[in-house]
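Enquirer: Take this structure first; my questions come after.
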């Protein structure tokens, strides 16, 4: 009798917690275990489906490459989605392997930074978030230098335009003076 009461309370709690779509999927179930199993298959899929998702995510992890001209955030976000997806299915890569994978995928122009990280940091304890922070900081410094170069180029172009306009205005005033005498 007690187990029937507990089952009824648990069913009621589950029904109250579910949205209308999920409720309609499980409303015909006769006990909490049946409800739980149906929700589990609905949200996690069958074991075959899980294996398939793990294979796809593993392939995405193994073939992950940074695209040329891609910034760190654009590379980091999909990489963490892959890693977190694998974790949710129970496939966990060692932290050091994940960090090394990220470092291997950086452009060749980052070789000095990669070497510095490998030599100064303990890759076994360095988290992906800490690595990302370090890489973002380095990227900001690189972009700062590029911005200064662009600013200098713009300033030089402005000076060239100013010099050209002085020459043009001097020429036009002397030409107009020459025409005035004629």
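Quick grid of which residues meet (1) surrounded by fewer than 17 Cβ atoms within 10 Å (Cβ to Cβ); (2) free of Cβ contacts under 8 Å to residues at least 60 places away in the same chain; (3) over 18 Å from the mean Cα position of the chain (by Cα):
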| residue | (1), (2), (3) |
| --- | --- |
| 98 | no, yes, no |
| 102 | no, yes, no |
| 113 | no, yes, yes |
| 118 | yes, yes, yes |
| 129 | yes, yes, no |
| 133 | yes, yes, no |
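Enquirer: Here are 41, 99: which of them is part of a helix (DSSP H, G or I) and more than 30 Å from residue 16 (Cβ to Cβ)?
Expert: Of 41, 99, the one residue that is part of a helix (DSSP H, G or I) and more than 30 Å from residue 16 (Cβ to Cβ) is 99.
Enquirer: Scan segment 50-72 for residues that are touching a helix residue (DSSP H, G or I) at 6+ places or on another chain (Cβ under 7 Å) and either loosely packed, with under 12 Cβ neighbours inside 10 Å or closer than 16 Å to residue 135 by Cβ (or both) and jot them down.
Expert: Within segment 50-72, 64, 66, 71, 72 meet the criteria.
Enquirer: Got at least one residue in segment 76-90 being surrounded by 12 or more Cβ atoms within 10 Å (Cβ to Cβ), closer than 30 Å to residue 125 by Cα, modelled with pLDDT under 90 and under 16 Å from the mean Cα position of the chain (by Cα)?
Expert: Scanning segment 76-90, I find no residue that is surrounded by 12 or more Cβ atoms within 10 Å (Cβ to Cβ), closer than 30 Å to residue 125 by Cα, modelled with pLDDT under 90 and under 16 Å from the mean Cα position of the chain (by Cα), so the answer is no.
The values are calculated or read from the model by the stated rules, or taken from the named source; none is laboratory data. Keep in mind that what you see is a predicted model, and the values were worked out from it rather than measured. Every residue, glycine as well, gets a Cβ built from its backbone with ideal geometry; the counts of neighbours run over all protein chains shown.
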